[in-house]
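Worksheet: the structure to be examined is printed underneath.
The values are calculated or read from the model by the stated rules, or taken from the named source; none is laboratory data. Keep in mind that what you see is a predicted model, and the values were worked out from it rather than measured. FYI the Cβ positions are ideal-geometry reconstructions off the backbone, even for glycines, and counts take in every protein chain you see. Each accessible area value is taken on the protein alone, full model and side chains, heavy atoms only, with ligands, DNA and RNA left out. Shrake-Rupley method; radii C 1.70, N 1.55, O 1.52, S 1.80 Å.
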Amino acid sequence: MPPRIAVVVYPGTNCEHDVVRAMERLGASADLVWHGTSSLAGYDAAVLPGGFAHGDYLRPGALARFSPVTAAVAELAAAGGPVVGICNGFQVLTEAGLLPGALQKNRGLRFICETVDVEVSSGDSVLTAGIAPGTRLRIPINHFEGNYTCDHETLAGLRAEDRVIARYVDDVNGSTDRIAGICNPGRNVVGLMPHPERASDPLLGSEDGNALLGAFLGAATRVSGGSSPAGGPAR
Amino acid sequence: MDVDLAMTDETPTDGPGAGAGSSAAGTAGDRAADGRGGATGLGPAVGTGLGPAVGTAVGTPPALHRALGLTDDELAEIRRVLGREPNRVELALYGVMWSEHCSYKSSRIHLRRLPTDGPGVLVGPGENAGVIDAGDGVAVAVRIESHNHPSAIEPKQGAATGVGGILRDIFTMGARPIAVMDPLFFGGLEDARQRWLVEGVVAGISSYGNSVGVPTVGGELTFDPCYALNPLVNVLCLGVLPVDRLVLGRATGAGNLAVLLGSRTGRDGIGGVSVLASAGFDGEEDGAGAAAKRPNVQVGDPYEEKRLIEACLELLDAGLVVGIQDLGGAGLVCATSETAARGGVGMDVDVTAVPLREEGMTPDEIMTSESQERMLAIVTPEHLARVEAVCARWEVRASVVGRVTEPPPDGPGVLRVLDGFDGAELAAVPAGSLSEDAPLYRRPLLRPQDLDARHADDPGRLPPPADAGADLLSLLTDPSWVYRQYDHQLFSNTVVGPGGDAAVLRLAAPGVRSTDRGLALSTDSNPRWCALDPRSGAAAIVAEAALNVACAGARPSAVVNCLNFGNPEHPEVMWQLSEAIDGMSEACVALGLPVIGGNVSFYNESGGHDIDPTPVVGVVGLIDELRAIPPGIRLTPGSSIVVLGSPAGGGPASLAGSRWAVEVRGHRHGTPPPIDLAAHRALVDLVAGLVGDQVARTERQGAGKTGVGGIHDVSGGGIAVALAEMALGSGIGFEVSGVADHRELFGESPSRVVVATTDPEVLLARAGEAGVPARVIGVARGDRMVVEGLVDVALEDARAVWRHRLPGALDELAASS
């Protein structure tokens, strides 16, 4: 059966419709799930889209961490379900402790919206499975706090375990090791600052994001084959 | 009757907060105030605003009305309307509603000359936004406004709340806002204060627009000393909606409830329409005067607005509201009186039911506060519970603050302000008297006496440049420093973002059925020409904006305008406005474009100096089939470079009011070039057809073979800058010949387009069929920009200069100072 994908919506999230539309272009479907939902039972995978969850007040992701749905995302992740946090979603995942490190303000202290070159550095994650390391993708970034940082030990671990899944080709925002995306040790939870859904249609100038979204759908499909939801998805 | 005024004291336009009063361009139901004695020659406005004093002041009414910005004549008119002496609360209501900002009392008489009808117009001027039919059951809502004075005082919040206000004007129509554009005007960047303003304004647009989740897809960036103390921050918003979700800001049905949605009401922004922009600046804006006005600027909360957008659109989708209206300038009194007047009803407002941010607010403060992120929904009692549930889900506050009432049998609906629904009556005025009965002034006009001398001093007589290449480099600026800070891609609709002749979007939005249709959007201005000839200048900017959307393959379909002018008490300024409106009308009629909305911003002056007249227009173009990205501002290797169109009346292009004359030589005089509107329309139609075929991927009678690889209109900087921008946009150089001299190189005569094509013969033939002059001037190749005998510059050098100009001024200069 086709995978059940939850696209999580916090108040202030704004990329949810774009993610759903990009999924639909790939022949899949996805449901919007409100942040007050405390269970993702019935869903095979979850996307935390970009935006400004809870206004990004205090710090991006700092309040979203306490929304009921975030605990449900953690449960899904613990059960091996594919989870990807895009941009603000990546920030939420680090604040929630599902991924290490933090996203600080860009070097230069300005918001950056532009299409950049991103290089896949590991093909071993739910977002990059099947994509050869070294593959370059043209994908937009759109963030103020996209400058990935972590301590030396964490960085060494990420490198040793091949958990840096994508790097910027140029140093666009000051990120440590030009990191654009990482995954957890289980490789089923990924955070990515660039927006693959914004590179999903030739009219937008790039379709390169579809490789990533397609890989994620593949991972979700594999999971759905293994777990049969008892009932319909909880709303 | 209209009122002729030689001089008056009064309140300004351009108050903070969008949506005060209605959309301006063209008016329906203007009514002149009766019983006015004409010129009275009152003293200068006192302009101390409302403030806490109003509710408690112990003063004679005459002192009070002047403090509220009302003239003695206006007080007499209020007495006539009420048939009695107004009380303090009532005076406060009239003070804000009869301000220039809300009432357009100086401009309405001119605005009615604009053409406002057209086959696709669903909603013209007079509502919160204009709406046109885009086909397939989808409509487009557009509005443009200014937020000039708030941004001059507190650039970040001033610009941010400008964005917030314009968004409310769009979603109050039932439309999902999908695009914002920001035409910005500052003084020169060598001045540290200008750098502070630019930084702040861009940060305000970026922080609010990005967070609220509406992409900023374009705008304009103009530097001129006339804006140093009075920058202009205009903001346009476009939304899309299913035609059947269109809703108007009107209250109907006695017994229906007025529900206030969103933020609590505070003392922020009180008197915004009457104090902040109540006069020009005194020229010492870094001083105590500006600091004292800073509390009149509101602070925006994009997170509140984002939830308000989603809640309101959900309410409209579910059909739970009878009418809805945003709260902007003049706050609750504006929203309640306008909805009641439009619906032909009255309204009772209970000020004790309004959720407040602070204690001790007086009734007139509550009624006139301009606190941001608020909406007023008219709801039937049986739908109230569902409305409250939707709002609760989006964490949006909803409070019943008013009730719709029947008008008395013998008169118009009454707006009553009550201390509790069963409590004391604090004010009672005919609802329509606050908006529709506002005064209408016919101010004196005076053609500037030095105009003929300025026209005669043509820059064509200036000595030619020693190095035209160096002059060209000095005119190149890459604006990406600005738009890189704006999310211009959200909703995955942006096919051409900032930096093009026009932004191009898919006509789509969450909740709106997707189609193959698209739209193009351009904002344009030309204060250099408008300073010399506001009539031809205003005509030319309509023409330029129409040509810009045509360059993206769109059919120009509607116009909105934002008329930024100086002090209307200066007869020269009123002459400029009148001329500009006539020029705009002529161009709109000739090009078949209705004006569907607008805004007038007066009192853009400082130290007694008015800004140059700066009408700004936004043109919306429709694209029936958007299947390919338009060619854009670029060259393709080996293509022929063709110029379509020629200067009206023959002869070389004019340098009068050109960027070269003004910015390079400091020469601001001359007679701006004429525009042949019939020839311009032929060019617009030709270009829209050529590029439209390409974006639709259709071939019409060999049209596809015209092979348009790049296209750019000729505007500021003339053919030289047009070619250079095409080269910089593609990394391909050019070799051009047959350009006679620097006048032809930098002259800015309108109605010209540069095209890079692989099949010039077909293009020339098609131009010939359309009656549009066309000639091949060169070829795209190499890595140099060459105009034989005039320019020979390495593309790499040009790129460095072009790229570095803004960051060099804003990042490095700022860092070193």
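The largest-to-smallest principal axis extents of the Cα set in the range B:393-453 are 66, 42, 19 Å. Apolar share of the accessible surface for chain A: 51 percent from carbon plus sulfur atoms, 1.4 Å probe.
Think of the protein assembly as shown as having a plus end and a minus end, set by charges on the Cβ of Lys, Arg, Asp and Glu; of A:190, B:739, B:86, A:190 sits farthest toward the positive end of this dipole. Just check the range A:4-224 against the gyration tensor rule for me: Cα atoms, a ≥ b ≥ c as the square roots of the eigenvalues, rounded for a/c under 1.5, and otherwise prolate or oblate depending on whether a/b exceeds b/c. Here the range A:4-224 falls in the rounded category. Taking GluC sites (Glu not before Pro) as exposed when DSSP calls them loop and at most 16 other C-beta atoms lie within 10 angstrom, chain B has its longest site-free stretch at B:396-624. For the protein assembly as shown, the extents of the C-alpha atoms along the principal axes are 83, 75, 58 Å, listed from largest to smallest.
One equal scatterer on each Cα of chain B, no solvent, Debye formula: the resulting log10 I(q)/I(0) at q = 0.11 Å⁻¹ is -1.17. Magnitude of the charge dipole for the range A:4-224, about its Cα centre and with charges confined to Cβ atoms of Lys, Arg (+1) and Asp, Glu (-1), is about 120 debye.
Indicate the residues belonging to the range B:476-506 that lose 50 Å² or more of solvent-accessible heavy-atom surface (probe 1.4 Å) upon moving from the chain alone to the assembly of all protein chains, ignoring ligands and nucleic acids. Buried by the other chains: B:484, B:485, B:489, B:490, B:492, B:506.
Quickly estimate the mean residue ellipticity at 222 nm for chain A, helices only: each DSSP H run with n ≥ 4 gives -39500 (n - 2.57), and the total goes over all residues, rounded to 500. Helix-only estimate at 222 nm: -7500 deg cm²/dmol.
Computed with every protein chain present, the accessible area of residue B:94 is close to 0 Å² [probe 1.4 Å]. Given +1 at the Cβ of Lys and Arg, -1 at the Cβ of Asp and Glu and no other charges, the dipole of chain B around its Cα centre is 1220 debye to the nearest 20. In this label model, residue B:783 and residue A:41 are separated by 6.6 nm, measuring between points 7 Å along each Cα→Cβ vector.
Largest to smallest in accessible area, the residues A:121, B:492 fall in the order A:121, B:492 (1.4 Å probe, all protein chains included).
Computed over protein heavy atoms with a 1.4 Å probe, the accessible surface of the protein assembly as shown works out to 31 Å² per residue. Comparing A:58, A:213, A:48 in a Gaussian network model of chain A where C-alpha atoms under 10 Å apart are linked, the largest mean-square fluctuation is found at A:58.
Note on the range B:657-792: along the principal axes its Cα atoms extend 48, 37, 23 Å, ordered by decreasing extent.
Helical runs (DSSP H, four residues minimum) scored at -39500 (n - 2.57) apiece and divided by the length of chain B put the mean residue ellipticity at 222 nm at -9500 deg cm²/dmol. The Cα trace of the range B:137-231 gives Rg and Dmax of 13.9, 50 Å, the first to one decimal, the second as a whole number. Based on alpha-carbon atoms, the Kirkwood radius and the radius of gyration of the range A:1-92 give Rg/Rh equal to 0.95. Taking the DSSP bridge list for chain A and keeping only pairs wholly inside it, about 60 percent are antiparallel. Restricting attention to chain B, the count of lysine pairs at 8 or more positions apart or across chains with alpha carbons under 30 Å apart stands at 5.
To the nearest 0.05, what FRET efficiency results for residue A:75 and residue A:161 with a Förster distance of 22 Å applied to their C-beta separation? Once the sixth-power term is evaluated, E becomes 0.40.
If you fit an axis through the alpha-carbon atoms of helix B:192-212 and take the longest principal axis of the Cα set of chain B, what angle between them do you get, 0 to 90°, nearest 10? The angle comes out near 70 degrees. Taken across both chains, chains B and A shield about 2800 Å² of accessible surface from a 1.4 Å probe. One Cα centroid belongs to the range B:125-178, the other to the range A:13-76; the line between them spans 29 Å.
Helix B:384-393 axis versus longest C-alpha principal axis of chain B: approximately 50°, rounded to the nearest ten.
Among A:110, A:59, A:21, the largest mean-square fluctuation in a Gaussian network model of chain A, built with springs joining Cα atoms closer than 10 Å, belongs to A:110.
Taking the Cα centre of the protein assembly as shown as reference, the dipole from Cβ charges on Lys and Arg (+1) and Asp and Glu (-1) amounts to some 1760 debye. For chain B, the residue among B:540, B:620, B:408 whose Cα projects farthest onto the positive side of the dipole built from Cβ charges is B:620.
Qualifying trypsin sites (Lys or Arg not before Pro) in the range B:630-723, where qualification requires a DSSP coil assignment and no more than 12 other C-beta atoms within 10 Å, comprise B:697, B:700. Dipole of the range B:317-362 computed with +1 at Lys/Arg Cβ and -1 at Asp/Glu Cβ about the Cα centre; of B:327, B:354, B:341, farthest Cα towards the positive end is B:341. Across A:108, A:214, A:181, mean-square fluctuation computed from a Gaussian network of chain A (C-alpha pairs under 10 Å connected) peaks at A:108. Rounded to the nearest 10 degrees, the angle from helix B:571-591 to the longest Cα principal axis of chain B is 60 degrees.
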